[in-house]
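**Student:** Below is one structure. I have some questions about it.
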Amino acid sequence: MAKEIERKFLVATDGWRQHADKGVRLRQAYVVTMEDRSVRVRIHGNKRARLTIKIGKSALVRNEYEYDLPMNDARELLTQAIGIVIEKRRFRIPHKGFTWEVDVYEGALEGLTVAEVEMKRETDLPNLPAWLGREITGDRRYSNQALATEGLLEAQT
């Protein structure tokens with residue numbers, strides 16, 4: 001079991017693009033959602049698929065279990081989505097010892113761009129890039145689970 005320790009932010013400018021990789025297209029769907037846990041399937045490009053179980057109520061830290069999944073199983077699970085299938089392009093940007101991931105949402109969530117940084121310890125203090133906007137760590141409206149099942153709502157306010 002791994003611990004997921006991350007902070008999330010809205011993205012204020014396109015300044016991240018000059019240091020980003022080419023990005024990868026992600027499609028993900030939730031097949032189980034509860035207040036403190038979820039089961040998600042994610043397809044990375046058309047090359048690999050993962051099943052992820054997340055458990056925990058903390059805004060910063062959750063238990064995370066991930067497993068490779070056959071592509072045909074993943075595609076079938078996408079059809080069983082609760083809510084929408086999230087479509088986004090994820091870019092990785094190195095910044096002062098941490099790797100930031102910027103998700104540019106497409107489809108039903110087009111217009112939303114979110115950055116997150118995974119940390120090794122809760123006490124880590126990553127240097128915040130200038131292109132970040134408001135911190136949304138713990139704002140449930142921006143969790144992928146809520147975005148898939150409830151949409152944007154008033155998340156961008």
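To keep it simple, each residue is scored yes or no on (1) open to solvent by 40 Å² or more (accessible area, probe 1.4 Å); (2) under 22 Å from residue 8 (Cβ atoms).
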| residue | (1), (2) |
| --- | --- |
| 38 | no, yes |
| 42 | no, yes |
| 45 | no, no |
| 52 | no, yes |
| 70 | yes, no |
| 78 | no, no |
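**Student:** Additional query: Restricting to the range 105-122, count the residues that are of a type in the set (Val, Ile, Thr) and either open to solvent by 30 Å² or more (accessible area, probe 1.4 Å) or assigned to a loop (DSSP other than H, G, I, E, B) (or both). Break it down stepwise before answering.
**Tutor:** Step one: filter the range 105-122 for residues of a type in the set (Val, Ile, Thr), giving 113-114, 117.
Then drop every residue that is not either open to solvent by 30 Å² or more (accessible area, probe 1.4 Å) or assigned to a loop (DSSP other than H, G, I, E, B) (or both), which leaves 113.
Result for the range 105-122: 1.
**Student:** Could you list, ordered by first residue, the pairs with Cβ atoms under 8 Å in which the first is in the range 123-138 and under 22 Å from residue 57 (Cα atoms) and assigned to a loop (DSSP other than H, G, I, E, B) and the second is open to solvent by less than 30 Å² (accessible area, probe 1.4 Å) and not hydrophobic (A, V, I, L, M, F, W, C), at least 6 apart or interchain?
**Tutor:** From residues that are under 22 Å from residue 57 (Cα atoms) and assigned to a loop (DSSP other than H, G, I, E, B), the pairs are 136/8; 136/142; 137/6; 137/8.
**Student:** Right, next: Of (1) open to solvent by 50 Å² or more (accessible area, probe 1.4 Å); (2) hydrophobic (A, V, I, L, M, F, W, C); (3) part of a strand (DSSP E or B), residue 84 satisfies all except one. Which?
**Tutor:** Here residue 84 meets the rest and fails (3).
**Student:** What are the residues in the range 83-109 that are in contact with a helix residue (DSSP H, G or I) (Cβ under 6 Å, 6 or more places away or on another chain) and of a type in the set (Val, Ile, Thr), if any?
**Tutor:** Listed by number, the residues that qualify are 84, 85, 86, 93, 102.
**Student:** Output the residues belonging to the range 74-133 that are among the aliphatic types (A, V, I, L, M), closer than 21 Å to residue 20 by Cβ and touching a strand residue (DSSP E or B) at 6+ places or on another chain (Cβ under 9 Å). Before the answer, list the steps.
**Tutor:** To start, the set of residues in the range 74-133 that are among the aliphatic types (A, V, I, L, M) comprises 74, 77-78, 81-82, 84-86, 93, 102, 104, 108-109, 112, 114-115, 117, 119, 125, 128, 130, 132.
With the extra rule that they be closer than 21 Å to residue 20 by Cβ, the set shrinks to 86, 93, 102, 104, 109, 112, 114-115, 117, 119, 128, 130, 132.
Residues satisfying the conditions are 86, 93, 102, 104, 109, 112, 114, 115, 117, 119, 128, 132.
**Student:** A follow-up question, please. Tell me whether the range 87-94 contains one or more residues that are touching a residue at least 60 places away in the same chain (Cβ under 8 Å), among the basic types (Lys, Arg) and open to solvent by less than 50 Å² (accessible area, probe 1.4 Å).
**Tutor:** Checked against the condition, which is being touching a residue at least 60 places away in the same chain (Cβ under 8 Å), among the basic types (Lys, Arg) and open to solvent by less than 50 Å² (accessible area, probe 1.4 Å), the range 87-94 yields at least one hit.
**Student:** Does residue 101 satisfy the criteria of being exposed (fewer than 14 other Cβ atoms within 10 Å of the Cβ) and either among the acidic types (Asp, Glu) or not in a loop (DSSP other than H, G, I, E, B) (or both)? Break it down stepwise before answering.
**Tutor:** Numbers: exposed (fewer than 14 other Cβ atoms within 10 Å of the Cβ): no; either among the acidic types (Asp, Glu) or not in a loop (DSSP other than H, G, I, E, B) (or both): yes.
Here the answer is no, as residue 101 does not meet what is asked.
The values are calculated or read from the model by the stated rules, or taken from the named source; none is laboratory data. These numbers were taken from a predicted model, which means no experiment stands behind them. Virtual Cβ from ideal backbone geometry, glycine too; neighbours counted across all protein chains shown. Note: areas computed on protein heavy atoms with side chains; ligands, DNA, RNA excluded. Shrake-Rupley method; radii C 1.70, N 1.55, O 1.52, S 1.80 Å.
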